[in-house]
1. Please report the base-10 log of the normalised intensity I(q)/I(0) for the range C:469-525, using a Debye sum with one equal scatterer per alpha carbon and no solvent, at each q in 0.13, 0.25 (1/Å).
2. Return one number: the angle in degrees, 0 to 90 and rounded to the nearest 10, between the long axis of the Cα atoms of helix A:105-118 and the longest principal axis of the Cα atoms of chain A.
3. Sorted by mean Cβ packing within 10 Å, highest first, what order do the peptides C:557-565, C:383-391 take?
4. When a/c is below 1.5 the answer is rounded, else prolate if a/b is larger than b/c, else oblate, so apply that to the range B:12-63 with a ≥ b ≥ c taken from the square roots of the Cα gyration tensor eigenvalues.
5. Could you order the peptides B:166-177, A:29-40, C:179-190 from most to least packed, using the average number of other C-beta atoms within 10 Å per residue?
6. Counting other beta carbons within 10 Å of each Cβ, put A:52, C:11 in order, fewest first.
7. Which whole number gives the average, over all residues in A:54-65, of C-beta atoms from other chains lying within 10 Å of the residue C-beta?
8. Given contacts defined as C-alpha pairs under 8 Å and at least six residues apart, what's the relative contact order of the range A:4-76, whole-number percent?
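Each reported figure results from applying straightforward, stated rules to the coordinates on display, with no laboratory input. Quick caveat: nothing in here was measured; it's all calculated off a predicted structure. A quick note on method: Cβ atoms are made from the backbone with ideal geometry, for glycine too, and the neighbour counts reach across all protein chains shown.
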């Protein structure tokens, strides 16, 4: 039982890694690459806290093996801001109180990003469905939905 | 002893490039030493929870391009390759338009994140009685193409399920694809899932219905039920009273009641058998109406 | 009323940026060089004597550096009060609940630690399990503790006025049985910590709402002075009371293993572990009796409460106290008798959770009051207006209320289109619409027992930037932001100019922590006073500079000036420099404390104020009920919340919304299914917390009452709505179906079966 060599692009940067097959992508991100922004909540693919974008799609990184990420392009929460400038979704979450304890926030923002990439003009129902795989226990979702709506408007160039 | 595992157990990982390689890895293993997977959304939680025998080798099918397809044509119908994801199937224009029961069922599974990795083939191989794709595939009389070193065989989806978490697959066998032959033009469908929340739940009751109506008469009607028997099942008696008849309210009610009587639910911590049986009646009635309205 | 600069404004969270970028570090994000991983081994029995533990094979396993069992803690126990110290870091004589921890391993990585736990051999003597509290109370039931008769963990008896006479003089008396259900906090961050025990003592980065409880527990357990136990707060991924306000097996084991190995030790619980073993809300059976005059006046109430305490006492006595002491609000109650029993069972431990204690009895009383109003043909608005207290008010058990927006809240809701139009939108096909109301009070500024005070230190840096040290923890509720707002307001600064440091028991003042809705109220008071202390010191420097009176110096908009003389002005930073560099330099520190000297709470009789002030929440909930399937969808919630004055309105909205959805989860979906101590659904598919698709439209309306005791008039704003939600949901379901449900959660199956029973004349 040995490590496997993988090549993966994360937040625009290429990595050559050696990972044992039983390490999940979430563990590789957090422990090998020290990208601790992505969180482990349930570890079972139920809570969505570990959501990252892989190959352009949201996945629960706790259910993906590190070795399965070979050849893939991955975007995590750390890859959204450009230096000091926050991504519009991040800005909106701060302004509209879309986060409280912040634990679900990285995964939630990744789901929001994937939603807005797919559908830049979402209705409230679209937004609710877009984050339906992400639990939040603090906010009751209302301000998350408002934040995503505000982000969508900002990204289209004004409310 | 009780240990709550956060880490996966140790195993080797192989990603074959071709079907033959995969099948030869599987060999005739009947001890669970070799396990194939695609999306991993069922296998990985089970491995973490030590709820299955830990394999020595995990075989990733995602390198096999011959399994990666979702195609349709008027002649052969729809072919869902082993690697077609739930999301792809749910949103494929052809499936939404011509096989709405399957598109609705696929959309009801778990979450977008799970749908982006999980496969329809994986959904039926996991074979939980509440699997959402199953009632739809039963209505569509889908066929499952199974492959082993010794060759290929095709089984009806209804025979594929043998019991909770048990399929007809023999050691060394994998599912290559699911085939849905072309439905007559004008086939409508609906999948209704009963659960306390609006998302993420396992179905307490799942009902799929397809129907063709010509000149007011039902020429074809199929009813698939999930979560109300050891395997997903067809409600044939209910179908029987509807076939060839005009679908009026009273007849639909009668059919729904028959479907309820045919179902064999159990009491479990999610719901009682009595409630499930009552809900089969309600959902079958609604699914038929919805079908005929679409 | 003067205009505030930052108080009352919709200020974004000061920690918002680090949370949306992933930069915020939580306990499990911490690691240290040479760190070991710790894993717990747990009991497979809900009740068993531990006969022998053989750790030799685990100790020999390559990669294992240390193993501990119960006896390594030398009989030490902890508990909320000296006489309730019944919990050991690891089960020693017995395992009293399923998966109680009995041993722990430290190894080079988590996989190895997990493998090694399987090598520990424990011999158990399986004992009979008691899991039903009413059965447990009877003579002859299995004893969870040998010395505790009838498994009674705690009891409270309160008796005010004369309930028997009240009932005799009533026109209507009802007796009903209610059950509140098995719910849990549901935070997404599992408990975790990294502990290091070296020559400086213990340092632990742990996910805690109240680090000062933990440091006392660790100090007592390991016989260290408090100044050698350092708990450093990372960001916390949600608390909601209970677990993160207390210590757990992992904390003690990681510390001891660190001492043994000389290395830092980390543990992270799994979510399944949390759902099966961590503290959860008590399930309570409430036998409630209420009397009413035919005009709707409540004459008296008698409650008998039986709570499933689980295997240890924890903070249970306080829970039981709160079930009774707050029953005399929000309605006038001249006669009240309360008998509450907390019962040991072999279930996981029940403890505090948002809406502590009050949630249970308010549910019963609110629903029963409406049932009686219905019998008397009195409208839900009128029954509340008739009985609502008005400030100032003293209850029969000496709870004093200085501000109350309940009636105003109810009137606001009565005027809403959702209420006024409820008859029109009744039934569409098989879906019936219903609207319900509720009213509640909740305490803030909890002042009950033990160390309950706050301190604050405001440090002026020489360039005019400000540092703020507080022991109050923001576990997500936004207290850091509000406290910074208070300091900024006092000093006339912007929020960005004040930096709040992470709570660190070595450096920050002692604080009781985040519970009982006390942080804004009490830590806020301390912050305000500390800021004023700095202001006073600076004012003296300014007065000298301008030959003015210190009382005439105004701090506003980043500047300082003499009242009425705007030409004598300078920027705050300049004054700070002048002050700090005067003479050989001055060190400007401000200190503040929360108020002492409230009347002593009579814990045994149930008399007195358990908090410094009380919020009042009135709520309207609309539901659509599918009468054929029982499926309930909440469509609207309007929450009229009296928190005195919202210091940060967006935060108050957010807290109310979050509390309401958590309450909705309890009312409709969340339920642990138990079988003789075993949790059958320890996962998020089957323990059903609400998701984005489940929530209604939620509107929060501020009812302003300007509480005299609170900083800037503030009262609590985070627990009222979790109390008001379940009764309003049940009332709405009744409006839609005509059926009163007295047990939570009100699941679709319960609705269908109740309707079926009613139809068949049952």
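1. Per q value, in the given order, log10 I(q)/I(0) is -0.30, -1.04.
2. Compared with the principal axis, the helix lies near 70 degrees.
3. Working: C:557-565: 16.2, C:383-391: 20.3.
In descending order of packing, they fall as C:383-391, C:557-565.
4. Values: a/c = 2.57, a/b = 1.41, b/c = 1.83.
Since a/c reaches 1.5 but b/c is at least a/b, the shape of the range B:12-63 is classed as oblate.
5. Numbers: B:166-177: 18.3, A:29-40: 21.0, C:179-190: 24.5.
The peptides rank, most packed first, as C:179-190, A:29-40, B:166-177.
6. Working: A:52 29, C:11 23.
The most exposed by this proxy come first: C:11, A:52.
7. On the way: counts 2, 1, 1, 7, 8, 9, 11, 1, 5, 12, 6, 8.
Shielding by partners across A:54-65 averages 6.
8. Numbers: 144 pairs, mean separation 29.6, N = 73.
Here the relative contact order equals 41 percent.
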